[in-house]
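What follows is a short report on a single structure.
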Amino acid sequence: MSDLERIDGRTKLIGLIATPIGHSLAPVMHNMAYRKMGLNFAYIAFEVGNDQLDDAVTGMRALNVGGFNVSMPNKTKILPLLDEISPEAEFIGAVNTVVNESGKLIGYNTDGIGYTRSLTEVDFNFVGKKMTLMGAGGAATAVAIQTALDGIAEISLFNRDISPYSKAIEIANIINEKTKCKVNVYKLEDLNKLKEEIAGSDILTNATGVGMKPLEGQSLVPDTSWLRPDLVVSDVIYNPRKTRLLEQAESAGCKTLNGLGMMLWAGSKSFELFTGYKMPVDYVKENLF
Ligand code: NAD
């Protein structure tokens with residue numbers, strides 16, 4: 001069914017508020033799935049930063065939209081503007097999906113679930129395993145908290161010795177207090193420690209922006225010999241599809257995955273929250289990637 005046949009006076013609007021927004025794959029992904037399933041929804045991206053956030057949320061309420069995704073820089077700033085926050089979003093301290101449930105705006109976070117679901121695609125079961133995780137921003141927090149909630153045994157969390165280093169300590173405190181997972185925090189500048197922790201880990205994950213523009217071609221692992229074939233290496237970056245770290249990992253014989261799976265499965269969970277239907281993931285994968 002074309003958009004022309006589908007969109008009418010009853011179409012539910014789903015939005016995305018972020019800046020910059022032009023590169024986002026989300027509008028194409030959601031609209032493609034609505035078309036395929038003949039659902040009367042339309043997904044539109046709005047260039048909204050922190051300064052317009054209050055007005056944008058008021059507008060979403062006034063227009064009675066079905067819901068909206070939230071991306072940088074609004075994921076944490078939106079929390080006080082919502083009526084309810086789901087437990088996982090509260091835990092992560094960030095919202096990426098808002099659903100309008102009969103006039104109430106409820107905030108969820110599907111990033112962590114997106115990441116853990118993407119690991120199943122490379123047949124990696126992280127329960128009881130150890131991860132070295134680089135980064136302490138929004139993506140790293142979602143990865144750390146969701147894997148901890150779902151049974152990873154240990155995380156060695158590395159961040160550079162500037163902001164958000166204190167955030168890394170905060171994440172560790174929350175996880176150590178509320179789950180059975182043990183988190184230790186280290187400085188990315190301590191390369192001997194990084195090498196040692198990677199050597200003792202089952203999975204290495206990059207959740208920093210190192211590897212994408214303007215840091216494309218760069219990797220936080222200075223020596224490919226630190227990687228070994230039984231290490232899974234994942235990068236939350238999906239643009240480029242293959243970061244320098246993933247190139248190194250491939251040459252070392254590791255199983256690798258980029259951030260496309262995380263984005264796809266997080267989007268699929270949001271889709272379900274917005275529409276009540278499962279997203280046709282295989283169809284989207286085939287046509288989008
Ligand atoms: P953020 O700004 O919240 O955090 C960025 C992190 O990168 C921080 O820990 C920061 O210290 C670190 N960092 C930045 N530059 C660095 C450098 N030169 N050396 C070492 N560390 C550095 O950003 P975020 O939202 O966490 O996003 C991080 C990455 O994750 C981005 O590339 C983003 O595109 C990606 N992401 C992917 C998905 C997905 O679905 N695949 C979802 C969210 C974010």
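The values are calculated or read from the model by the stated rules, or taken from the named source; none is laboratory data. Please read these numbers as outputs of a predicted model, since none were measured by experiment. Heads up, the Cβs are rebuilt from the backbone with ideal geometry, glycines too, and the neighbour counts pull from every protein chain shown.
Might you check whether a residue that is surrounded by 15 or more Cβ atoms within 10 Å (Cβ to Cβ), assigned to a helix (DSSP H, G or I), among the hydrophobic types (A, V, I, L, M, F, W, C) and in the same structural domain as residue 211 (by TED's automatic domain parsing) occurs anywhere in segment 227-244? No, because not a single residue in segment 227-244 is surrounded by 15 or more Cβ atoms within 10 Å (Cβ to Cβ), assigned to a helix (DSSP H, G or I), among the hydrophobic types (A, V, I, L, M, F, W, C) and in the same structural domain as residue 211 (by TED's automatic domain parsing). Can you name the residue in segment 123-167 that is assigned to a helix (DSSP H, G or I) and of a type outside the set (A, V, I, L, M) and is also modelled with the lowest pLDDT among such residues? Applying the filter and picking the extreme gives 165. Looking at 132, 97, 116, just one residue is of a type in the set (Ser, Thr, Tyr), farther than 23 Å from residue 272 by Cβ and either within 15 Å of the ligand (Cβ to nearest atom) or in contact (Cβ under 8 Å) with a residue 60 or more places away in the chain (or both), and that residue is 132. Please find, among 199, 148, 153, the residue that is hydrophobic (A, V, I, L, M, F, W, C), more than 12 Å from the ligand (Cβ to nearest atom) and surrounded by fewer than 15 Cβ atoms within 10 Å (Cβ to Cβ). Result of the check over 199, 148, 153: 199.
Pairs meeting the criteria (first residue in segment 206-222 and touching a residue at least 12 places away in the same chain (Cβ under 8 Å) and under 15 Å from residue 250 (Cα atoms), second residue among the basic types (Lys, Arg) and near the ligand (Cβ under 6 Å from one of its atoms), beta carbons under 9 Å, at least 6 apart or on different chains) are lacking. The set of residues from segment 156-183 being surrounded by fewer than 20 Cβ atoms within 10 Å (Cβ to Cβ) and among the aromatic types (Phe, Trp, Tyr) comprises just one member, 165. Number of residues in segment 100-113 that are within 13 Å of the ligand (Cβ to nearest atom) and either in contact with a strand residue (DSSP E or B) (Cβ under 8 Å, 6 or more places away or on another chain) or assigned to a loop (DSSP other than H, G, I, E, B) (or both) equals 2.
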